[in-house]
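Engineer: Sending over a structure as structure tokens; questions will come in a sec.
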Amino acid sequence: MRIDVVTTFPEMFRPVLDASILKRARDAGVISVVVHDLRGWTTDAHRTTDDSPYGGGAGMVMKPEPFFAAAEALRCPEDGGCAEEVILLSPQGELLSQRMARELSSRKHVILLCGHYEGVDERVRQHLATRELSIGDYVLTGGELPAMVVIDAVARLLPGALGAEEGAEADSFADGLLEYPQYTRPADFRGWQVPDVLLSGHHEQIRRWRRKESLRRTRDGRPDLLQGASLTEEDRELLAEVEREDETGR
Ligand code: 9D3
């Protein structure tokens, strides 16, 4: 997979792309990320990327021409003209989800356009971007950190990006529930014990306990996820136990 990023802050990306899983995925040849300076597609001596808003008002608006020139130059450099996605990172965008990350990970080529606080000329959104994505309802200074979040979420889903032991299948959200609690040695840390069942060696009881705690966590912390989850008969029994324990104080 190839990802091109267009930004006025290209230097923000290097340390993130050179770390951890992203580095491994790049070394494995699973993904290639190229970061481009938007100013490279300006045509004036001052390399202007923004201008004052039509209609007046404070602040500046990012000009359309450099974004169009960049995306048009980067579209499928080899097979002549069709990046499968041109994504504008923007606070108005659709919320990034695991489903969206999975969808993007199936594309051969994605172009990410980063705006910043002033905002981007509406014609970029309407006539250049194929999608607009936000990473959440909080205000950031620009689309650069969101672009890195998208790259991270997508890269780790590519076959060969993760080590053998870290299957993306086991992920939280993969089956719509939060993960069960995990423990490692020591069994007693400052008087806080690892649950007996995990030391018992009873695989079936351990499986049931993990499933139940996963359901409990989801119910307590993210009840919205339970609505969308596909629950088995056993899941409903376990949830009923959780409800009962909740009423009786365990
Ligand atoms: C004029 C100020 N803003 C009104 C709320 C508009 C604005 C535009 C651009 C505010 C912040 C930004 C910079 N943020 C992004 O470009 C951005 C973002 C974000 O702020 N939060 C979550 N996801 C994203 S994706 C891109």
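Just so it is clear, none of the values below were taken in a lab; they were calculated from the coordinates. Not measured: the values here are computed from a predicted model. Backbone-built Cβ (ideal geometry, glycine too); neighbour counts: all protein chains shown.
Engineer: Of 184, 42, 232, which is the most mobile in a GNM of the chain whose springs link Cα atoms less than 10 angstrom apart?
Structural biologist: Looking only at 184, 42, 232, the largest GNM fluctuation is found for 184.
Engineer: Further question on the same structure: Assuming 0.36 nm per residue, please report the length gained on full extension of the stretch residue 54 to residue 196 beyond their Cα-Cα distance.
Structural biologist: Computed gain between residue 54 and residue 196 is 44.4 nm.
Engineer: Could I ask something else about it? 5 Å is the cut-off here: which amide hydrogens, built 1.01 Å from N in the peptide plane, fall below it relative to residue 35, excluding neighbours closer than 5 in sequence?
Structural biologist: Those lying under 5 Å, H to H, from residue 35 are 5.
Engineer: Helix 64-74 versus the longest principal axis of the chain: what angle, 0 to 90°, nearest 10, using Cα atoms?
Structural biologist: Between helix and principal axis, roughly 70 degrees.
Engineer: On full extension of the chain, what length is gained from residue 244 through residue 73, given 0.36 nm per residue of separation minus the C-alpha to C-alpha distance?
Structural biologist: Length difference between fully extended and current span is 55.5 nm.
Engineer: How large is ³J(HN,Hα) for each residue in region 187-197, as worked out from phi by the Karplus curve 6.51 cos²θ - 1.76 cosθ + 1.60 (θ = phi - 60°), to whole Hz, x for Gly and Pro?
Structural biologist: Here the 3J(HN,Hα) series is 5, 10, 10, 6, x, 8, 8, 6, x, 3, 4 Hz.
Engineer: Quote the FRET efficiency, to the nearest 0.05, computed for residue 97 versus residue 45 with a Förster distance R0 of 35 Å and r equal to the Cβ-Cβ distance.
Structural biologist: That gives a FRET efficiency of 0.20.
Engineer: Given 0.36 nm per residue, what is the gain on full extension from residue 231 to residue 34 after removing their alpha carbon distance, in nm?
Structural biologist: 66.7 nm
Engineer: Once you have the Kirkwood Rh of region 210-249 from its Cα pairs, apply Stokes-Einstein at 25 °C and 0.890 mPa s and quote D in µm²/s.
Structural biologist: 241 µm²/s
Engineer: While we're here: Could you estimate the translational diffusion coefficient of the chain from the Stokes-Einstein equation, with Rh from the Kirkwood formula over C-alpha pairs, at 10 °C and 1.306 mPa s, in whole µm²/s?
Structural biologist: 75 µm²/s
Engineer: Can you give the Rg and Dmax of region 172-248 based on its C-alpha atoms, in angstrom?
Structural biologist: 13.4, 38
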